[in-house]
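To keep things clear, I will list the structure first and then write my remarks on it.
The values are calculated or read from the model by the stated rules, or taken from the named source; none is laboratory data. Quick caveat: nothing in here was measured; it's all calculated off a predicted structure. Positions of Cβ are backbone-derived with ideal geometry, glycine not excepted, and every protein chain shown enters the neighbour counts. We work out accessible area using only protein heavy atoms, side chains counted, and drop any ligands, DNA or RNA first. Shrake-Rupley method; radii C 1.70, N 1.55, O 1.52, S 1.80 Å.
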Amino acid sequence: MSKGTAGSFFGKAIAGVDLIPIFRQNKLKKHPDSFLKTCDLIIKKIAIAAPAGSVFQLNGADFLMPANAFELSYGMVDIKELIFKQDTPITITYIY
């Protein structure tokens, strides 16, 4: 049995905009009968590709991209908020 459902996003993160609701809306457009109609999207695993030096927040905590990639293992943190501090080109894969 699987531990979750995969999702991805690529494009530009706009400074100050929480990406989690955008991910949820995108999933609901593709799958209108998803369980996400009645609950929040909580990310269990994430991998982010963005320029080194990019700054973002996960659940209110600031992170600096030391290189071009950042990853958290499955179940390490329940991610409910993801906000970049500046407009940033990104590629993100996640499990929820």
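Some observations on this one:
- Efficiency of FRET between Ser73 and His31 - r from beta-carbon atoms, R0 22 angstrom, step 0.05: 0.30
- Computed log10 I(q)/I(0) for the chain at 0.11, 0.24 Å⁻¹: -0.30, -1.39, from the Debye equation with unit scatterers placed on every C-alpha and solvent omitted.
- 3J(HN,Hα) from dihedral phi, segment 81-94, Karplus parametrisation 6.51/-1.76/1.60, rounded to Hz, x for glycine, proline: 8, 9, 10, 8, 7, 9, 4, 9, x, 9, 10, 10, 10, 8
- Length gained when the stretch Glu81-Gln57 is fully extended (0.36 nm per residue, less Cα-Cα span): 7.9 nm
- Amide H contacts of Thr5 (H built 1.01 Å from N, under 5 Å, at least 5 apart or other chain): Tyr96
- Accessible surface calculations at 1.4 Å, restricted to protein heavy atoms, place the chain at 59 Å² per residue.
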